[in-house]
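Read the structure below first, then the notes.
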Amino acid sequence: MKITKINSLSTTKVLFAIFIIVAMVLNVVFFILFKYQKNLYKYELINSKQRLVTLESFNENYRDMILNNIGSESSQINPSLILTNAITNTKTSMQEIAKDSPILILRFTEYSCHACVEQSFKTINNIPHPFRKGKFIIIASYESLRALLLFKADNNINYSIYTLKNNDSLNVPLESLNFPYFFILNGESEATSIFYPLTSDPELTNDYFVIVRYKYPMLFR
């Protein structure tokens with residue numbers, strides 16, 4: 001009987017010790033899991049905040065683009081404004097160019113957002129339907145003609161490029177923002193269907209060309 005009691009007591013101590021060990025192990029596991037979940041939550045919270053900031057930035061960019069486009073729409077360009085062909089050095093007026101309207105024009109200067117300009121040409125070079133001859137031109141302002149021609153070569157530009165004197169302007173409000181922008185020149189020398197590309201959303205530029213092709217099929221082959 002004594003031996004049975006001793007064995008029973010020993011078994012109880014062993015079970016109690018096992019219980020303590022298991023409890024300690026579980027506590028360690030739960031602590032590790034809790035710490036992991038806490039770090040995961042913290043990481044997700046930071047990511048959510050970053051996504052929110054990015055989304056707010058996108059919304060602000062879209063808002064600015066819409067307001068600037070509306071504010072610049074149907075701007076009257078001086079018909080007597082003189083442009084110089086960067087290759088042939090021949091001069092022509094905006095009124096002469098407008099006679100072949102509608103014409104899609106890309107306007108930028110050497111101070112324009114460089115990444116935006118490059119993205120614009122990347123989109124142009126990848127459009128499935130090329131432009132008809134003379135239906136897409138570029139109007140640029142560069143202090144150095146050589147720098148402009150180097151830019152033309154680097155970006156595989158095969159379209160007509162005209163230059164303006166640095167103190168000349170198309171009188172479009174977007175000019176002050178140093179963004180490249182597209183517009184349709186109509187027969188009255190007005191800038192319509194104005195759009196400037198966002199590097200944050202290159203697909204938007206593709207969508208612009210889809211709309212332009214739908215509205216002005218005569219621009220394309």
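Please verify whether region 149-169 includes one or more residues that are part of a loop (DSSP other than H, G, I, E, B), on the phi < 0 side of the Ramachandran plot and surrounded by 20 or more Cβ atoms within 10 Å (Cβ to Cβ). The answer is no; no qualifying residue exists.
For region 117-132, a residue qualifies if it is surrounded by fewer than 20 Cβ atoms within 10 Å (Cβ to Cβ) and touching a strand residue (DSSP E or B) at 6+ places or on another chain (Cβ under 9 Å), and the qualifying residues are Ile127, His129, Pro130, Phe131, Arg132. Within region 72-109, can you find the residues that are assigned to a loop (DSSP other than H, G, I, E, B), surrounded by 14 or more Cβ atoms within 10 Å (Cβ to Cβ) and of a type in the set (D, E, K, R)? Passing the criteria: only Glu73. When Ser193, Ser112, Ser200 are screened for being assigned by TED's automatic domain parsing to the domain that holds Ser93, farther than 23 Å from Ile87 by Cβ, among the small types (Gly, Ala, Ser) and part of a loop (DSSP other than H, G, I, E, B), only Ser200 passes. Only one entry in Leu204, Leu148, Leu185, Leu174 is of a type in the set (A, V, I, L, M, F, W, C) and touching a Leu at 6+ places or on another chain (Cβ under 7 Å), namely Leu204. Take region 171-184 and flag every residue that is at pLDDT below 90, under 17 Å from Leu81 (Cα atoms) and among the aliphatic types (A, V, I, L, M). Passing the criteria: only Val172.
Report whether or not Tyr181 is hydroxyl-bearing (Ser, Thr, Tyr), closer than 18 Å to Ser141 by Cβ and touching a Lys or Arg at 6+ places or on another chain (Cβ under 6 Å). Considered against the rule, which asks whether it is hydroxyl-bearing (Ser, Thr, Tyr), closer than 18 Å to Ser141 by Cβ and touching a Lys or Arg at 6+ places or on another chain (Cβ under 6 Å), Tyr181 comes out as yes.
Starting from residues that are part of a helix (DSSP H, G or I) and of a type in the set (S, T, N, Q), keep the ones in region 116-143 and report whichever is nearest to Asp168 (Cα to Cα).
Ser120
Selection of region 154-168 for residues being among the acidic types (Asp, Glu) and in contact (Cβ under 8 Å) with a residue 24 or more places away in the chain yields only Asp168. Within this structure, Leu174 passes the test of being touching a residue at least 40 places away in the same chain (Cβ under 8 Å) and either out of contact with any Asp or Glu (no Cβ under 9 Å at 6 or more places or on another chain) or among the aromatic types (Phe, Trp, Tyr) (or both). Only residues that are under 16 Å from Ile105 (Cβ atoms), in contact with a strand residue (DSSP E or B) (Cβ under 9 Å, 6 or more places away or on another chain) and modelled with pLDDT under 95 were counted in region 185-208, giving 13.
The values are calculated or read from the model by the stated rules, or taken from the named source; none is laboratory data. The model shown is predicted, which means the values in this text are computed figures rather than measured ones. Counting neighbours? That spans all protein chains shown, and the Cβs are built from the backbone with ideal geometry, glycine included.
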